[in-house]
Amino acid sequence: MARGLNKVMLIGNLGKDAETRQAGSATVTNFSLATARSVKNGQTGEWRDETDWHDVVLWRGENVAQYLTKGTQVYIEGRLQTRSWEGNDGQKKYRTEVVCDGPSGLILLGGNRDGQHQSQSTARAPQSTASDDDLGVDSGDIPF
């Protein structure tokens, strides 16, 4: 049987502070991530921003969870997972999430949604072992 590929890479800003809880012997952190893109109106020629929201589940992220606050810019790498359940009304409900299996799928980028850098204490937050080369960028191209 052929294998598939389920990989998601996002850069965005947290919509609210992350929430961390214990799930058995593991720690799970949940947060919403906003990604934006510019779209040109074909009739008026004006550009406008559109925002998509993503539900993110980070496993074993207890070391970085305290730095995941509203507005923080992060790089997320994970996979899509859709869960289903029956709601109180008897209808089947679905939820698609980006699942990061460990802190190696998260990099704190240090900016907030206003383009400002976080405080020194946040900028020194533990980061994953992923290097700039893993992202396909030259560190000289990063404006912060």
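Some points to look at:
- Among the criteria (1) touching a helix residue (DSSP H, G or I) at 6+ places or on another chain (Cβ under 6 Å); (2) acidic (Asp, Glu); (3) in a loop (DSSP other than H, G, I, E, B), the one GLU62 does not fulfil is (1).
Yes/no per residue for (1) under 24 Å from TYR94 (Cβ atoms); (2) acidic (Asp, Glu):
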{"position": "ALA23", "(1), (2)": "yes, no"}
{"position": "SER38", "(1), (2)": "no, no"}
{"position": "VAL56", "(1), (2)": "yes, no"}
{"position": "GLU77", "(1), (2)": "yes, yes"}
{"position": "GLN81", "(1), (2)": "yes, no"}
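- Selection status of THR35, hydroxyl-bearing (Ser, Thr, Tyr), touching a Gly at 6+ places or on another chain (Cβ under 7 Å) and modelled with pLDDT under 95: no
- Each residue in segment 1-53 was checked for being of a type in the set (Val, Ile, Thr) and under 13 Å from the mean Cα position of the chain (by Cα), and 4 pass.
- Residue match in segment 75-85 (condition: modelled with pLDDT under 95 and part of a loop (DSSP other than H, G, I, E, B)): no
- Strands (runs of 3 or more DSSP E) wholly inside segment 1-52 that include at least 2 residues being charged (D, E, K, R): 19-23, 26-40
- Output for segment 43-74, where each listed residue is in contact (Cβ under 8 Å) with a residue 60 or more places away in the chain and more than 20 Å from THR27 (Cα to Cα): GLN73
The values are calculated or read from the model by the stated rules, or taken from the named source; none is laboratory data. What you see is a predicted model; the values in this text were computed from it and never measured. Cβ: placed from backbone, ideal geometry, glycine included. Neighbour counts: every protein chain shown.
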